[in-house]
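The values are calculated or read from the model by the stated rules, or taken from the named source; none is laboratory data. The model shown is predicted, which means the values in this text are computed figures rather than measured ones. Note that we place each Cβ from the backbone using ideal geometry, even for glycine, and neighbour counts take in every protein chain shown. The protein model used for the area step is the full one, side chains on, heavy atoms only, and it has no ligands, DNA or RNA in it. Shrake-Rupley method; radii C 1.70, N 1.55, O 1.52, S 1.80 Å.
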Amino acid sequence: MKRTTIMAEEELLYKIEQIACESGRSKAEVIREALADYVARVEEESPPEHPLLGLIGVAGEDAVAMDLSGGRDEELLWAERDEAS
């Protein structure tokens, strides 16, 4: 874990402290859980792009098209889909 500092309204910090006391957890735990829930919701609404999709078109318009799959493109796509299931 990495330490960080945040600024928050006093009322919000007070509510976090109440939640921590009532649940027997530290304020840091409550804040970490809230941040994790927020990030999960944001990613659910707009999931991150598959990292390989960023490679599409990197060669530019003048590049010569080459099929590097060896004719196995559909086979590879189906295999990746089956692994994800």
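Here are the numbers for this structure:
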item	result
Estimated FRET transfer efficiency (Arg25, Arg3; beta-carbon r; R0 25 Å; 0.05)	0.90
Carbon/sulfur fraction of accessible area - region 1-50, other protein chains in place, 1.4 Å, %	55 percent
